[in-house]
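Everything below concerns the one structure shown next.
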Amino acid sequence: MEDFSKTVLLPKTSFPMKGNLNQKEPEFLKMWDTCDIYRKVTEKNRGREGYLLHDGPPYANGHIHMGTALNKILKDVVVKYKSMKGFYSPYKPGWDCHGMPIEHQIFKEMKAEKSSVDILKFRKRAAEYAMKFMAIQREEFRRLGVLGQWDDPYLTLNRDYEATIIRAFWSLYSHGYIHQAYKPIYWCISCETALAEAEIEYENDKTPSIYIRFPVVCCPVAEGYKDLSFLVWTTTPWTLPGNTGIAVNPDLEYAVAETDKGSYILAKNLVETVFGKKGKVATILKTFKGTELEGCIYRHPFIGRESKVILADFVSSLDGTGCVHTAPGHGEEDYYAGIKNNLDILSPVDEKGRFTDEVIDYKGLNVFDANPLIRDSLQRNGSLFYDEEIEHSYPHCWRCKKPVIFRSTKQWFLKIDHDGLRDLMKKEIEATSWIPPEGKNRIGSMVETRPDWCLSRQRLWGVPIPVFYCRKCGKAVITRETAERTEELIRIHGSDVWMEKSEKELLPENFSCPFCKGNEFTREKDILDVWFDSGTSHLAVLKNDSNMKWPADLYLEGSDQHRGWFQTSLITSCGIEKKAPYRKVLTHGFVVDAEGRKMSKSLGNVITPDELIKKYGAEIVRIWSISENYQQDVRISDNIIQNVVMTYKRIRNTLRFLLGNLYDFTPSMALGHGDLREADRWAIEKTREVANRITAYYEDFALNKVYEELHNYCNIYLSSFYLDHLKDRLYTYGRDSRERKSAQTALHSILMTLLRISAPVLSFTAEEAYQSIGWEGKKESIFLEDWPETCAPDEKLLEKWEKFFEFRKKVLKKIEEKREAKEVHGSLEAKVRISVPGEMFEFLGEFEKPESLFIVSEVEIEKGNETEITVGKTSLKKCSRCWVHFPDVGSNPDYPDICGKCIKAIGENSSANPE
RNA sequence: GGGCGCAUAGCUCAAGGGCAGAGCACUGUGCUGAUAACGCAGGGGUUCGUGGUUCGAAUCCACGUGCGCCCA
């Protein structure tokens with residue numbers, strides 16, 4: 001029998017089935033780079049409506065991880081979508097360059113200490129370090145296929161950026177938002193330096209544990225008891241001079257307990273334990289809730305000062321007495337409790353850890369040395385109830401390993417309640433759209449209760465607080481003149497200038513103190529919290545650049561930024577611009593493993609973008625990023641990635657089939673809508689419907705639905721039905737036959753739609769497919785194409801075919817039964833006899849060539865009372881060219897093995913444009 | 001310990017008081033002209049647990065458990 005396989009028009013394409021993404025992706029990165037596609041895309045849309053996504057700056061330290069990759073990819077998808085939609089949508093990536101983690105690294109590298117280091121050398125190295133990792137991460141982000149202004153990112157260490165920070169500080173200062181106040185910080189008395197949280201190590205220490213009487217002055221709920229005291233427990237006797245309050249738990253039950261030596265107020269459930277220490281039994285005279293104690297007055301046991309009882313949730317009922325010694329100058333919890341209740345914040349300790357003049361009895365004494373003396377004096381005056389030694393986890397300095405203290409120093413604060421700032425923020429939170437909507441609640445409750453923002457850091461790597469101190473009167477000095485001068489100097493020289501130049505050089509000429517006319521100054525040594533840096537990015541990046549847009553249309557970050565960047569940006573923006581810097585805030589969850597646990601080295605469940613790129617390609621990382629509902633935590637595991645790879649293969653193969661059957665087609669050959677076969681019209685309408693739906697998903701940032709829709713479309717409608725059905729027409733009909741051209745017209749439309757709507761996500765593959773075609777009017781890149789227009793599909797046609805598919809299912813089922821019974825092999829061996837009631841009979845009659853829709857050789861449809869479908873083996877002869885069984889096979893003696901249609905096709909193909 | 005959130009098939013997701021579904025994966029099978037591809041079919045569920053409301057709960061309520069983010 002003659003071999004006709006050479007005469008059928010099989011698919012032909014240079015677009016391979018196997019992606020080899022890890023190898024091929026760099027080629028497209030290079031092409032996007034050399035052709036400057038990002039700029040061409042944004043320039044194309046210049047002058048049109050803008051859509052601005054403002055990039056939250058990642059920290060310039062270390063390599064990117066799955067979370068940063070997810071974040072950048074989501075941003076990239078949004079920006080690419082908006083750009084293809086025609087919005088002017090520049091994307092300027094940024095980096096957060098100052099701050100502790102880098103400082104930490106540099107100290108390690110230099111084996112140096114903060115007190116002895118050459119600040120300028122140190123800062124130079126820190127800047128180099130930040131730039132190095134910025135460059136590393138930039139390459140890693142680009143490798144993911146993220147398009148943006150990579151040659152001109154924003155960096156918080158840029159001079160202009162730093163100058164903006166100074167200006168923002170001044171603006172807030174001049175409007176009264178910024179002031180100085182005391183706040184306790186970790187302090188190492190041997191290194192004489194402030195310590196950051198990260199520089200603290202906890203170790204077990206023996207510490208004194210003492211129980212003290214604080215005599216009651218006034219306590220309405222416990223009126224009339226003899227010798228009544230609060231029984232207070234502390235492990236840091238040296239902080240007692242700083243005591244300005246006693247905290248009790250509002251929900252805890254308290255008691256007046258009596259012994260032969262007077263009566264005490266303490267938590268009821270601790271009475272037995274506490275008195276048991278002394279081997280005593282106390283009688284409970286009265287009980288009441290902690291709330292009843294609020295505002296009671298007591299006297300300090302050795303200073304004589306009167307202070308009040310406050311309520312605090314953190315008071316534990318497990319140890320101590322339930323009455324907590326509160327020294328707001330010596331502890332963070334104490335501090336916030338003190339602020340809330342207007343307690344004095346005392347800190348009578350100098351930088352060497354010695355008591356100052358304020359504490360007459362122990363003046364000049366090291367606080368740890370004072371512990372036993374204070375104990376003794378308490379014992380002498382009868383205030384000591386009980387004392388012992390306990391083991392206790394206590395903070396130590398990471399350098400000298402000595403125990404640290406909490407010491408209050410003057411810090412700069414941004415007042416959250418000044419000029420209605422908190423209320424304005426709450427109003428702006430309302431006016432912003434938060435996706436998912438829980439975000440509004442989350443940031444709202446934080447803003448509701450957040451304390452003033454402490455802007456000072458006793459660090460080296462950051463932007464200086466632009467304040468001077470008059471040597472004569474000691475007052476802090478910042479005026480419009482000095483602020484503008486500082487801003488200008490930093491704009492020219494960078495913030496190192498603050499450390500380089502003398503005060504005289506930093507100040508305007510002939511500047512004198514506005515308070516006392518003094519003309520000698522020192523400069524502030526503290527720097528600004530790095531969150532102030534990134535919190536002013538909307539000013540530095542959006543306001544300062546006419547290509548940008550303020551407020552931004554979208555901020556898109558991990559949900560941890562409700563506390564971080566969303567909030568700090570909101571504070572500076574509401575303080576300075578009286579408005580939120582964003583219209584919409586979209587958050588995503590965190591990347592976790594298959595069981596929902598966070599990735600950690602110890603669990604051994606870490607997956608990195610780098611290993612995925614090497615193994616599968618960045619495209620897989622991109623698809624994974626949108627494949628799940630990122631508003632919750634996003635899972636990743638080998639299994640999950642395997643599923644993504646499968647999906648990718650399916651979509652890729654679908655594209656390959658489309659391309660393969662369009663090798664001899666150009667858009668000018670497309671048939672008019674009216675000339676198309678109905679199946680092809682349906683396919684075009686279906687694609688339109690899918691494109692509309694996918695567009696709506698992009699609009700809602702429901703990217704996992706984009707993924708699902710895309711995949712289902714390729715599977716259910718294209719592969720299983722339409723493309724399978726088309727094979728006969730594409731391969732076996734005449735090259736220029738109406739059947740084939742009609743099919744190709746549809747395929748072309750489908751391909752172009754598919755490529756455009758998948759390009760924001762499947763950037764590499766869409767570009768690869770796009771580059772493999774050579775039609776007239778083709779753009780330089782898929783990203784220069786316009787988004788498919790949304791227009792209503794022909795619903796009637798779609799409904800009609802949906803009904804047909806329902807029926808087709810039944811037919812397929814019957815064919816399957818016969819195949820299982822080995823009565824027929826391929827479906828082309830099947831003959832389908834359909835008997836249906838009148839209405840359905842009419843309906844099926846509307847479909848041209850139903851054999852081709854069921855992919856069988858014979859279909860007989862007749863009117864009957866019931867729906868009955870029977871399948872048998874066809875008795876017709878198989879055409880050895882198109883494999884369909886036809887009655888006319890063999891009727892032409894020249895071609896004994898093939899059907900009439902195929903004879904015609906062979907004739908046409910050889911006479912028309914042979915290859 | 002507190003605030004916010006999540007939990008449905010092996011995986012990713014639907015269904016929001018009325019028979020728990022889809023796609024993938026898996027298994028079987030067909031084809032050998034999308035071929036490391038493609039078609040067809042099938043199996044697969046204590047809807048995290050316990051208790052409650054209800055004629056009826058994956059769904060509403062309460063209490064747990066596990067996990068994540070933020071804070072202490």
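Structure above, values below:
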quantity	calculated
Residue within the range A:663-680 that is of a type outside the set (Asp, Glu), buried (at least 18 other Cβ atoms within 10 Å of the Cβ), within 30 Å of A:Phe4 (Cα to Cα) and within 14 Å of RNA strand B (Cβ to nearest atom) present	no
Test: A:Tyr211 is more than 30 Å from A:Cys574 (Cα to Cα), open to solvent by 20 Å² or more (accessible area, probe 1.4 Å) and not assigned by TED's automatic domain parsing to the domain that holds A:Ile478	no
Selected residue [among the β-branched types (Val, Ile, Thr), under 30 Å from A:Glu448 (Cα atoms) and open to solvent by less than 80 Å² (accessible area, probe 1.4 Å)] from A:Thr259, A:Thr291, A:Thr287	A:Thr291
Leading residue by the ranking (most open to solvent (accessible area, probe 1.4 Å)) among those in the range A:728-745 that are part of a loop (DSSP other than H, G, I, E, B) and away from RNA strand B (no atom under 13 Å from the Cβ)	A:Asp736
Where a residue in the range A:614-639 is in contact (Cβ under 8 Å) with a residue 40 or more places away in the chain and its partner, wherever it lies, is outside any helix (DSSP H, G or I) and more than 14 Å from RNA strand B (Cβ to nearest atom), with Cβ under 6 Å and at least six apart	A:Ala618/A:Leu144; A:Ala618/A:Gly145
Subset tally (residues that are of a type outside the set (D, E, K, R), touching a residue at least 60 places away in the same chain (Cβ under 8 Å) and closer than 25 Å to A:Trp787 by Cβ) for the range A:70-101	13
The listed residue being in contact with a Ser or Thr (Cβ under 6 Å, 6 or more places away or on another chain) and of a type outside the set (Val, Ile, Thr), out of A:Glu140, A:Glu103, A:Glu128, A:Glu162	A:Glu162
Leading residue by the ranking (farthest from RNA strand B (Cβ to nearest atom)) among those in the range A:619-652 that are more than 16 Å from A:Lys75 (Cα to Cα) and basic (Lys, Arg)	A:Arg652
Subset of the range A:600-647 (residues that are open to solvent by 60 Å² or more (accessible area, probe 1.4 Å), outside any helix (DSSP H, G or I), more than 23 Å from A:Leu586 (Cβ to Cβ) and not basic (Lys, Arg))	A:Ser602, A:Leu603, A:Gly604, A:Val606
Failed criterion for A:His418 (all others in (1) surrounded by 16 or more Cβ atoms within 10 Å (Cβ to Cβ); (2) over 27 Å from A:Ala337 (Cα atoms) hold)	(2)
The range A:701-714 residues that are assigned to a helix (DSSP H, G or I), paired with ones that are of a type in the set (Lys, Arg) and within 7 Å of RNA strand B (Cβ to nearest atom) (beta carbon under 8 Å, 6 or more apart)	A:His711/A:Arg650; A:Cys714/A:Arg650
Within the range A:540-572, considering residues that are more than 16 Å from RNA strand B (Cβ to nearest atom) and out of contact with any strand residue (DSSP E or B) (no Cβ under 7 Å at 6 or more places or on another chain), the one most open to solvent (accessible area, probe 1.4 Å)	A:Ser546
A:Lys352 vs. criteria part of a strand (DSSP E or B) and basic (Lys, Arg)	no
Boolean, A:Trp787 is under 31 Å from the mean Cα position of the chain (by Cα), surrounded by fewer than 22 Cβ atoms within 10 Å (Cβ to Cβ) and away from RNA strand B (no atom under 16 Å from the Cβ)	yes
Sole exception among (1) within 24 Å of A:Arg450 (Cα to Cα); (2) within 16 Å of RNA strand B (Cβ to nearest atom); (3) without any contact (Cβ under 8 Å) to a residue 24 or more places away in the chain; (4) not β-branched (Val, Ile, Thr) for A:His330, by number	(3)
3 or more residues of a type in the set (S, T, N, Q): qualifying helices (runs of 4 or more DSSP H) within the range A:407-499	A:438-449
Test: residue in the range A:176-185 that is surrounded by fewer than 21 Cβ atoms within 10 Å (Cβ to Cβ), in a helix (DSSP H, G or I) and either among the basic types (Lys, Arg) or not assigned by TED's automatic domain parsing to the domain that holds A:Ala476 (or both)	no
Residue in the range A:862-870 that is buried (at least 19 other Cβ atoms within 10 Å of the Cβ) and at pLDDT 90 or above present	no
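Conditions (1) in contact with a Cys (Cβ under 6 Å, 6 or more places away or on another chain); (2) over 19 Å from A:Asp160 (Cα atoms); (3) touching a residue at least 12 places away in the same chain (Cβ under 8 Å), marked per residue:
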site	(1), (2), (3)
A:His418	no, yes, yes
A:Lys426	no, yes, yes
A:Glu438	no, yes, no
A:Arg457	no, yes, yes
A:Pro464	no, no, yes
A:Glu488	no, no, yes
A:Gly494	no, no, yes
A:Ser502	no, yes, no
A:Phe515	yes, yes, yes
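Per-residue answers, yes or no, for (1) in contact with a strand residue (DSSP E or B) (Cβ under 9 Å, 6 or more places away or on another chain); (2) within 20 Å of A:Leu460 (Cβ to Cβ):
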residue: A:Glu128; (1), (2): no, yes
residue: A:Glu140; (1), (2): no, no
residue: A:Thr164; (1), (2): no, no
residue: A:Ile185; (1), (2): yes, yes
residue: A:Glu203; (1), (2): yes, no
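The values are calculated or read from the model by the stated rules, or taken from the named source; none is laboratory data. Keep in mind that what you see is a predicted model, and the values were worked out from it rather than measured. Note that we place each Cβ from the backbone using ideal geometry, even for glycine, and neighbour counts take in every protein chain shown. These area figures cover heavy atoms from the full protein model, side chains too; ligands, DNA and RNA do not enter into them. Shrake-Rupley method; radii C 1.70, N 1.55, O 1.52, S 1.80 Å.
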